[in-house]
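Here is the structure we will look at, set down as structure tokens.
The values are calculated or read from the model by the stated rules, or taken from the named source; none is laboratory data. What you see is a predicted model; the values in this text were computed from it and never measured. Heads up, the Cβs are rebuilt from the backbone with ideal geometry, glycines too, and the neighbour counts pull from every protein chain shown.
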Amino acid sequence: MTNGRQAIVIKPLRKAVLPVAGLGTRFLPATKAMSKEMLPVVDRPLIQYAVDEARAAGIEQFCMITGRGKTELVEYFDIAYELEATLRERGKQEGLDALRDTSMQPGSIVSVRQQEPMGLGHAIWCARSFIGEDPFAILLPDDIILSKTPCLKQLADAYHLTGGNVVAVSEVPPEQTNRYGILRVGSDDGHMVEVTGLVEKPAPEDAPSNLSIIGRYVLTADVMPFLAKLERGAGNEVQLTDAMAKMIGRVPFHGIRYEGKRFDCGDKVGFLEAQIAFALEREDLGPAVRAFLKPYCECL
Ligand code: UTP
């Protein structure tokens, strides 16, 4: 397929990287002895939402970037023989059903160690052997998205049309640009925007827009040589945004205003909001949650 600038090959998107090696300092002390990505929203850990969303977008191979004290994230996707046998013996079909989504095709998940949390860009670079020359998705498990079509599927559909890099974007309050990777925007059809620049955490007065990248990306393997330089950026970390910025003009680069609501579960308020929103969506819990919330709403 061509995009007018150069002939580009659009390879199928089958791989995803799940970076889970961060320290989760905003959730201490909870994250002292457990991973942030294992915190549950209602009854499933954050990592499960990311994996389910990826599978719904056609992802078949996963690479988790883990670190010290993160082994439970890998074990979570193992078969729990004893637990399953006990549930079967006791006729607990509901429990067995709940475990179904935690199983993975043999050989479809690998883990790679990031010995030191040197930033998201460094975490992604740790997946270079897994990626090879293939395009790949990145899902940051602390962002979860309530939507009709899974967010990564929306990006994958766009990627299969345009090739190159595709990132999920959403508008942020102008005074909060210093918390996010912010886009400079070219053409914009209201759904897909052309990315002409990227700045990590700009001060509001320097921000080129208020469109921010959220934790869903489709990238080509061309990002790896830029990450390999291991240049430190904002917060003295190796920033993925900085490497992506260097790809602008070299590969097609688009942002998608995805349909859905994103919850930043790396933040306490976002995490609490996600609990309520996801519980309200559930047929088995929605009515009870609505009922117990009522008195709180009335006294606000
Ligand atoms: P965050 O910056 O939100 O996570 O990174 P954090 O550093 O764990 O959290 P705080 O700020 O200290 O509370 C987004 C994702 O990238 C991963 C994190 O695990 C998280 O899923 N990450 C971040 C890495 O894998 N390695 C890193 O060096 C940094």
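Among all positions in region 73-80, there is no residue which is more than 20 Å from Ala123 (Cβ to Cβ), buried (at least 22 other Cβ atoms within 10 Å of the Cβ) and either modelled with pLDDT of 90 or more or within 14 Å of the ligand (Cβ to nearest atom) (or both).
In the set (1) within 29 Å of Glu273 (Cβ to Cβ); (2) more than 13 Å from the chain's Cα centre (by Cα), Leu161 fails one condition alone, (1).
The C-beta contact set for region 14-33 (first residue touching a residue at least 12 places away in the same chain (Cβ under 8 Å) and under 28 Å from Val223 (Cβ atoms), second residue assigned to a loop (DSSP other than H, G, I, E, B) and near the ligand (Cβ under 6 Å from one of its atoms), distance under 7 angstrom, 6+ apart or interchain) comprises Leu18/Pro141; Pro19/Leu140; Val20/Pro141; Ala21/Gln114; Ala21/Pro117; Gly22/Pro117; Leu23/Pro117; Arg26/Gly266.
For region 24-41, filtered to residues that are surrounded by 16 or more Cβ atoms within 10 Å (Cβ to Cβ) and away from the ligand (no atom under 12 Å from the Cβ), the residue that is nearest to the chain's Cα centre (by Cα) is Val41.
Is at least one residue of region 134-145 away from the ligand (no atom under 16 Å from the Cβ) and not small (Gly, Ala, Ser)? Show your work before the answer.
The initial filter retains those residues of region 134-145 that are away from the ligand (no atom under 16 Å from the Cβ), namely 134-135.
Applying the additional criterion that residues be not small (Gly, Ala, Ser) yields 134-135.
Yes - at least one qualifying residue is present in region 134-145.
When you go through Gly132, Gly95 one by one, which is the residue that is modelled with pLDDT of 95 or more and among the small types (Gly, Ala, Ser)? So that I can check it myself, show each step before the final result.
Details: Gly95 fails: modelled with pLDDT of 95 or more.
On inspection, the qualifying residue turns out to be Gly132.
Selection of region 268-281 for residues being within 16 Å of the ligand (Cβ to nearest atom) and surrounded by 15 or more Cβ atoms within 10 Å (Cβ to Cβ) yields Gly270, Phe271, Ala274.
Can you go through Ala277, Ala234, Ala207, Ala228 and tell me which one is over 18 Å from the mean Cα position of the chain (by Cα), touching a residue at least 60 places away in the same chain (Cβ under 8 Å) and farther than 30 Å from Arg14 by Cβ?
Details: Ala234 fails: touching a residue at least 60 places away in the same chain (Cβ under 8 Å); Ala207 fails: touching a residue at least 60 places away in the same chain (Cβ under 8 Å); Ala228 fails: farther than 30 Å from Arg14 by Cβ.
Of Ala277, Ala234, Ala207, Ala228, the one residue that is over 18 Å from the mean Cα position of the chain (by Cα), touching a residue at least 60 places away in the same chain (Cβ under 8 Å) and farther than 30 Å from Arg14 by Cβ is Ala277.
Of all residues in region 203-255, those being loosely packed, with under 15 Cβ neighbours inside 10 Å and polar (S, T, N, Q) number 1.
Identify all residues within region 91-133 that are in a loop (DSSP other than H, G, I, E, B), over 26 Å from the mean Cα position of the chain (by Cα) and either within 16 Å of the ligand (Cβ to nearest atom) or surrounded by fewer than 10 Cβ atoms within 10 Å (Cβ to Cβ) (or both); write none if there are none.
Filtering region 91-133 down to residues in a loop (DSSP other than H, G, I, E, B) leaves 91-92, 103-108, 114-119, 126-127, 132-133.
Next cut, over 26 Å from the mean Cα position of the chain (by Cα) only: 91-92.
Selection gives Gly91 alone.
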